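Trainee: Starting off with a structure, shown below.
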Amino acid sequence: MSAIKPIIRELKQAALRGFAHADRKLHQVTANIADHVDTVVRQVRSQDRFDDRPDTPRTPEPGTQLGRGERDDLARGGRYSVVFFDGRAQRDYYETENPTLGAEGRPFWVMPLEDGAHVSSASDAARATGMSPATMRAYTGYEIDWTTGDPDLSRPVTNPDDRAIHGIVFPNDAAPPQRTATAADADGWAHFLEGGHTAVNTGSGYMLNDVREFVMDGGSVVPPGSFGFQIGLDGSWNVTRAF
């Protein structure tokens with residue numbers, strides 16, 4: 001047993017010497033890593049510059065067909081608004097050389113693109129807009145009585161092109177500021193319901209939509225980054241003009 005004790009003592013001492021050596025090495029490795037990190041930080045600080053803007057969607061070119069997925073992609077981030085109207089409004093207001101968003105001195109009604117991206121037909125457009133006169137005219141094929149909000153069956157739409165649904169998508173940051181619509185903006189329109197969402201007057205009450213509605217001052221030139229479209233028979237938005 002006496003012969004074993006020196007061996008055990010020597011092993012313990014060797015282990016302690018090893019731990020001490022490893023500890024010194026560990027401190028050195030830690031110091032080296034810290035020095036390297038400091039060097040990298042100094043290099044990054046001297047070279048790094050944020051000189052790029054976040055990616056923004058490219059304005060679709062005429063001839064492009066936007067399906068639901070493409071419209072949803074464009075709507076992400078809340079950068080755009082959209083407005084829907086019929087072929088008559090398209091011809092009278094948006095096929096001119098310098099079209100404007102609405103008429104000067106009148107409120108222009110819009111919705112966020114994310115709320116309107118689902119629209120793929122005249123019935124969708126009429127429902128989403130709260131039965132706006134232009135979309136309702138396209139949907140029903142009759143002129144609309146403003147006071148009742150109903151189609152006037154004695155006055156059919158005579159031009160078939162007027163029954164097409166068109167629209168314009170525009171960037172919010174390049175257009176006048178938007179605000180929540182009021183009864184004064186609606187000017188007695190039968191389907192308007194205050195509260196910030198479109199609605200449909202059923203005669204016995206209102207059917208509220210999930211679509212948010214806003215107004216802005218009309219008459220500003222359609223800004224760059226906007227595009228016009230027509231809804232196709234397959235529900236796609238067919239781009240007709242880029243601004």
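The values are calculated or read from the model by the stated rules, or taken from the named source; none is laboratory data. Only a predicted model underlies this, so the values are computations on that prediction, with no experimental measurement involved. Quick reminder, even Gly has a Cβ in these numbers, built from the backbone with ideal geometry, and neighbours come from all protein chains shown.
Trainee: Within the stretch 218-241, does at least one residue satisfy the condition of being at pLDDT 95 or above, farther than 29 Å from residue 63 by Cα and not small (Gly, Ala, Ser)?
Mentor: So far as the stretch 218-241 goes, no, none of its residues is at pLDDT 95 or above, farther than 29 Å from residue 63 by Cα and not small (Gly, Ala, Ser).
Trainee: Please give the strands (runs of 3 or more DSSP E) falling wholly within the stretch 127-243 in which 2 or more residues are crowded, with 17+ Cβ neighbours inside 10 Å and either touching a residue at least 24 places away in the same chain (Cβ under 8 Å) or of a type in the set (Lys, Arg) (or both).
Mentor: Filter on the stretch 127-243 gives 165-171, 197-201, 206-212, 214-217, 227-231, 237-242.
One line per residue, one yes/no per condition, for (1) at pLDDT 95 or above; (2) within 29 Å of residue 238 (Cβ to Cβ); (3) among the aliphatic types (A, V, I, L, M):
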| site | (1), (2), (3) |
| --- | --- |
| 143 | yes, yes, no |
| 148 | no, no, no |
| 154 | yes, no, no |
| 161 | yes, yes, no |
| 166 | yes, yes, no |
| 174 | yes, yes, yes |
| 177 | yes, no, no |
| 182 | yes, no, no |
| 185 | yes, no, no |
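Trainee: Within the stretch 181-232, how many residues turn out to be within 19 Å of the chain's Cα centre (by Cα) and more than 22 Å from residue 114 (Cα to Cα)?
Mentor: Counting residues in the stretch 181-232 that are within 19 Å of the chain's Cα centre (by Cα) and more than 22 Å from residue 114 (Cα to Cα) gives 0.
Trainee: Is it true that some residue in the stretch 138-153 is small (Gly, Ala, Ser) and under 30 Å from residue 59 (Cβ atoms)?
Mentor: yes
Trainee: Determine, yes or no, whether residue 77 is surrounded by fewer than 18 Cβ atoms within 10 Å (Cβ to Cβ), in contact (Cβ under 8 Å) with a residue 60 or more places away in the chain, farther than 21 Å from residue 232 by Cα and not basic (Lys, Arg).
Mentor: No; evaluated as a whole, the condition is false for this residue.
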